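The values are calculated or read from the model by the stated rules, or taken from the named source; none is laboratory data. Treat the numbers as computed from the prediction; the structure is a model and nothing was measured. Reconstructed Cβ throughout: ideal geometry from the backbone, glycine too, with neighbour counts over all protein chains shown. Keep in mind that these areas ignore ligands, DNA and RNA; they rest on the heavy atoms of the full protein, side chains included. Shrake-Rupley method; radii C 1.70, N 1.55, O 1.52, S 1.80 Å.
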Amino acid sequence: MEYFRGIKNPIGLKCGPSLKPDELVRLIDILNPDNEPGRLTLICRLGADKAGEYLPALVRGVKREGRGVVWSCDPMHGNTITAESGYKTRPFDRILHEVKTFFAVHAAEGTHGGGVHLEMTGKDVTECTGGARAISDQDLNDRYHTLCDPRLNAEQAIELAFLLAELLKADRAAKVKPLAVAAGL
(Lines give C-alpha, C1' and ligand atoms only; values in the text may rest on other atoms or scores of the structure.)
Protein backbone atom coordinates (compact mmCIF):
# COMPACT_ATOMS: atom_id res chain seq x y z
CA MET A 1 0.00 0.00 0.00
CA GLU A 2 2.84 2.40 0.78
CA TYR A 3 4.17 1.95 -2.75
CA PHE A 4 0.79 2.81 -4.27
CA ARG A 5 0.47 5.93 -2.10
CA GLY A 6 3.54 7.34 -3.89
CA ILE A 7 2.21 6.75 -7.41
CA LYS A 8 1.07 10.04 -8.92
CA ASN A 9 -1.25 8.54 -11.55
CA PRO A 10 -4.89 7.78 -10.74
CA ILE A 11 -5.32 4.30 -9.29
CA GLY A 12 -8.15 1.84 -8.81
CA LEU A 13 -9.09 -0.21 -5.77
CA LYS A 14 -11.30 -3.29 -6.03
CA CYS A 15 -14.05 -3.48 -3.43
CA GLY A 16 -15.63 -6.84 -2.69
CA PRO A 17 -18.28 -7.99 -0.21
CA SER A 18 -15.75 -8.79 2.52
CA LEU A 19 -14.58 -5.15 2.72
CA LYS A 20 -15.98 -3.19 5.68
CA PRO A 21 -16.66 0.57 5.49
CA ASP A 22 -14.03 1.48 8.11
CA GLU A 23 -11.43 -0.67 6.31
CA LEU A 24 -12.30 1.06 3.04
CA VAL A 25 -11.85 4.51 4.56
CA ARG A 26 -8.45 3.44 5.97
CA LEU A 27 -7.38 2.21 2.53
CA ILE A 28 -8.58 5.46 0.92
CA ASP A 29 -6.54 7.45 3.46
CA ILE A 30 -3.44 5.41 2.65
CA LEU A 31 -3.85 5.57 -1.13
CA ASN A 32 -5.09 9.17 -1.34
CA PRO A 33 -3.80 10.96 1.78
CA ASP A 34 -4.47 14.42 0.30
CA ASN A 35 -8.05 13.46 -0.72
CA GLU A 36 -7.26 14.54 -4.27
CA PRO A 37 -10.41 14.41 -6.45
CA GLY A 38 -10.24 11.87 -9.26
CA ARG A 39 -7.14 10.13 -7.92
CA LEU A 40 -8.86 7.01 -6.58
CA THR A 41 -11.49 4.90 -8.32
CA LEU A 42 -13.34 2.35 -6.22
CA ILE A 43 -14.22 -0.62 -8.41
CA CYS A 44 -17.21 -2.40 -6.85
CA ARG A 45 -17.27 -6.13 -7.60
CA LEU A 46 -20.04 -7.31 -5.32
CA GLY A 47 -22.30 -9.56 -7.37
CA ALA A 48 -25.99 -9.07 -8.09
CA ASP A 49 -27.05 -10.90 -4.94
CA LYS A 50 -24.79 -8.86 -2.60
CA ALA A 51 -24.66 -5.35 -4.08
CA GLY A 52 -27.84 -4.14 -2.37
CA GLU A 53 -26.64 -5.50 0.95
CA TYR A 54 -23.03 -4.26 1.01
CA LEU A 55 -22.78 -1.20 -1.25
CA PRO A 56 -24.97 1.20 0.80
CA ALA A 57 -22.73 0.88 3.88
CA LEU A 58 -19.57 1.40 1.82
CA VAL A 59 -21.02 4.49 0.14
CA ARG A 60 -22.26 5.91 3.46
CA GLY A 61 -18.91 5.32 5.15
CA VAL A 62 -16.95 7.07 2.41
CA LYS A 63 -19.46 9.93 2.18
CA ARG A 64 -19.61 10.39 5.96
CA GLU A 65 -15.83 10.76 6.11
CA GLY A 66 -15.82 13.24 3.22
CA ARG A 67 -13.55 11.23 0.96
CA GLY A 68 -13.55 12.15 -2.73
CA VAL A 69 -13.55 9.00 -4.87
CA VAL A 70 -14.90 7.87 -8.21
CA TRP A 71 -17.33 4.98 -7.83
CA SER A 72 -17.29 2.36 -10.58
CA CYS A 73 -19.35 -0.81 -10.99
CA ASP A 74 -17.76 -4.03 -12.25
CA PRO A 75 -20.82 -6.29 -12.64
CA MET A 76 -18.83 -8.94 -14.48
CA HIS A 77 -16.56 -10.56 -11.91
CA GLY A 78 -19.04 -10.90 -9.06
CA ASN A 79 -21.50 -12.66 -11.33
CA THR A 80 -19.38 -15.43 -12.80
CA ILE A 81 -20.87 -18.89 -12.47
CA THR A 82 -20.17 -22.37 -13.80
CA ALA A 83 -23.00 -23.52 -16.04
CA GLU A 84 -24.31 -27.08 -15.97
CA SER A 85 -22.36 -27.65 -19.18
CA GLY A 86 -19.16 -26.85 -17.27
CA TYR A 87 -18.52 -23.54 -19.03
CA LYS A 88 -17.64 -20.47 -17.01
CA THR A 89 -20.30 -17.88 -17.85
CA ARG A 90 -22.03 -14.74 -16.66
CA PRO A 91 -25.81 -14.38 -16.81
CA PHE A 92 -26.90 -11.15 -18.52
CA ASP A 93 -29.77 -10.60 -16.07
CA ARG A 94 -27.38 -10.73 -13.08
CA ILE A 95 -25.03 -8.24 -14.75
CA LEU A 96 -27.94 -5.88 -15.44
CA HIS A 97 -29.31 -6.33 -11.92
CA GLU A 98 -26.00 -5.33 -10.34
CA VAL A 99 -25.71 -2.25 -12.58
CA LYS A 100 -29.25 -1.17 -11.67
CA THR A 101 -28.56 -1.74 -7.97
CA PHE A 102 -25.32 0.24 -8.18
CA PHE A 103 -27.06 3.31 -9.61
CA ALA A 104 -30.10 2.95 -7.32
CA VAL A 105 -27.85 2.90 -4.23
CA HIS A 106 -26.00 6.01 -5.38
CA ALA A 107 -29.28 7.80 -6.09
CA ALA A 108 -30.60 6.86 -2.64
CA GLU A 109 -27.39 7.95 -0.90
CA GLY A 110 -27.08 11.25 -2.78
CA THR A 111 -23.81 10.23 -4.41
CA HIS A 112 -22.81 9.67 -8.01
CA GLY A 113 -22.05 6.38 -9.74
CA GLY A 114 -19.15 7.32 -11.98
CA GLY A 115 -18.70 4.38 -14.30
CA VAL A 116 -19.31 0.80 -15.36
CA HIS A 117 -16.68 -1.77 -16.37
CA LEU A 118 -17.83 -4.38 -18.86
CA GLU A 119 -15.92 -7.19 -20.49
CA MET A 120 -17.20 -7.40 -24.02
CA THR A 121 -16.27 -8.11 -27.60
CA GLY A 122 -17.62 -7.05 -30.96
CA LYS A 123 -17.62 -10.68 -31.99
CA ASP A 124 -20.65 -12.95 -32.09
CA VAL A 125 -19.56 -15.14 -29.19
CA THR A 126 -21.69 -17.23 -26.88
CA GLU A 127 -19.92 -16.76 -23.55
CA CYS A 128 -22.54 -14.98 -21.41
CA THR A 129 -26.05 -16.35 -21.13
CA GLY A 130 -29.24 -14.35 -21.58
CA GLY A 131 -29.85 -11.07 -23.34
CA ALA A 132 -32.36 -10.40 -26.10
CA ARG A 133 -31.22 -13.46 -28.06
CA ALA A 134 -31.63 -15.56 -24.90
CA ILE A 135 -28.34 -17.45 -25.11
CA SER A 136 -28.74 -20.58 -23.03
CA ASP A 137 -26.38 -23.01 -21.35
CA GLN A 138 -26.76 -25.27 -24.42
CA ASP A 139 -25.60 -22.41 -26.70
CA LEU A 140 -22.31 -21.78 -24.86
CA ASN A 141 -20.44 -24.42 -26.86
CA ASP A 142 -21.39 -22.81 -30.22
CA ARG A 143 -18.94 -19.89 -30.10
CA TYR A 144 -17.20 -19.93 -26.72
CA HIS A 145 -13.86 -18.35 -27.69
CA THR A 146 -12.43 -16.82 -24.53
CA LEU A 147 -9.35 -18.29 -22.90
CA CYS A 148 -9.95 -16.32 -19.72
CA ASP A 149 -13.20 -14.60 -18.75
CA PRO A 150 -16.58 -14.74 -20.51
CA ARG A 151 -17.46 -11.58 -22.40
CA LEU A 152 -20.70 -9.99 -23.49
CA ASN A 153 -21.11 -10.29 -27.24
CA ALA A 154 -21.83 -7.27 -29.45
CA GLU A 155 -25.63 -7.61 -29.18
CA GLN A 156 -25.54 -8.04 -25.39
CA ALA A 157 -23.15 -5.10 -24.96
CA ILE A 158 -25.34 -2.80 -27.06
CA GLU A 159 -28.47 -4.00 -25.28
CA LEU A 160 -26.88 -3.28 -21.91
CA ALA A 161 -25.69 0.14 -23.10
CA PHE A 162 -29.22 1.08 -24.20
CA LEU A 163 -30.76 -0.19 -20.96
CA LEU A 164 -28.18 1.75 -18.94
CA ALA A 165 -28.82 4.90 -21.01
CA GLU A 166 -32.56 4.61 -20.33
CA LEU A 167 -31.90 4.10 -16.63
CA LEU A 168 -29.67 7.19 -16.43
CA LYS A 169 -32.10 9.26 -18.54
CA ALA A 170 -34.99 8.36 -16.23
CA ASP A 171 -32.89 9.21 -13.17
CA ARG A 172 -31.90 12.56 -14.66
CA ALA A 173 -35.51 13.36 -15.61
CA ALA A 174 -36.63 12.65 -12.05
CA LYS A 175 -34.12 15.21 -10.75
CA VAL A 176 -34.97 18.02 -13.17
CA LYS A 177 -36.77 20.83 -11.43
CA PRO A 178 -38.85 23.22 -13.55
CA LEU A 179 -37.54 26.78 -13.60
CA ALA A 180 -39.65 29.41 -11.89
CA VAL A 181 -41.39 31.60 -14.46
CA ALA A 182 -40.25 35.21 -14.26
CA ALA A 183 -43.12 37.66 -13.71
CA GLY A 184 -44.16 39.54 -16.82
CA LEU A 185 -42.29 37.32 -19.32
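A few notes on this one:
- Sole residue being of a type in the set (S, T, N, Q), part of a loop (DSSP other than H, G, I, E, B) and under 16 Å from the mean Cα position of the chain (by Cα), chosen from Thr126, Thr111, Thr146: Thr111
- Test: residue in region 163-182 that is surrounded by fewer than 16 Cβ atoms within 10 Å (Cβ to Cβ) and in a strand (DSSP E or B): no
- Being open to solvent by 30 Å² or more (accessible area, probe 1.4 Å) and modelled with pLDDT under 95 is a description that applies to Gly12.
- Residue pairs meeting the criteria (Cβ under 8 Å; at least 6 apart or on separate chains; first among the charged types (D, E, K, R), in region 163-174; second surrounded by 10 or more Cβ atoms within 10 Å (Cβ to Cβ)): Asp171/Phe103; Asp171/Ala107
- Just one of the numbered conditions (1) within 21 Å of Pro150 (Cβ to Cβ); (2) touching a Leu at 6+ places or on another chain (Cβ under 9 Å); (3) open to solvent by 40 Å² or more (accessible area, probe 1.4 Å) is not true of Lys50: (2).
- Residue ID - farthest from the chain's Cα centre (by Cα), chosen from residues in region 64-101 that are over 30 Å from Arg133 (Cβ atoms) and crowded, with 16+ Cβ neighbours inside 10 Å: Arg67
Condition check ((1) out of contact with any Asp or Glu (no Cβ under 8 Å at 6 or more places or on another chain); (2) under 30 Å from Asp93 (Cβ atoms); (3) among the aliphatic types (A, V, I, L, M)) across all residues:
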site: Gly12; (1), (2), (3): yes, yes, no
site: Val25; (1), (2), (3): no, no, yes
site: Ile30; (1), (2), (3): no, no, yes
site: Pro33; (1), (2), (3): yes, no, no
site: Cys44; (1), (2), (3): no, yes, no
site: Val69; (1), (2), (3): yes, yes, yes
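- Exactly one residue out of Arg67, Arg26 is at pLDDT 90 or above and in a loop (DSSP other than H, G, I, E, B), and it is Arg67.
- Tabulated pairs, region 39-63, first under 11 Å from Leu24 (Cβ atoms), second open to solvent by less than 10 Å² (accessible area, probe 1.4 Å) and polar (S, T, N, Q), C-beta under 7 angstrom, 6+ apart or interchain: Leu40/Asn32
- Within region 29-46, tally of residues that are part of a loop (DSSP other than H, G, I, E, B) and at pLDDT 95 or above: 2
- Counted residues, region 144-162 - those being open to solvent by 60 Å² or more (accessible area, probe 1.4 Å) and either over 23 Å from Gly114 (Cα atoms) or at pLDDT below 90 (or both): 4
- Any hit, region 82-99, residues being assigned to a strand (DSSP E or B) and of a type in the set (Phe, Trp, Tyr): no
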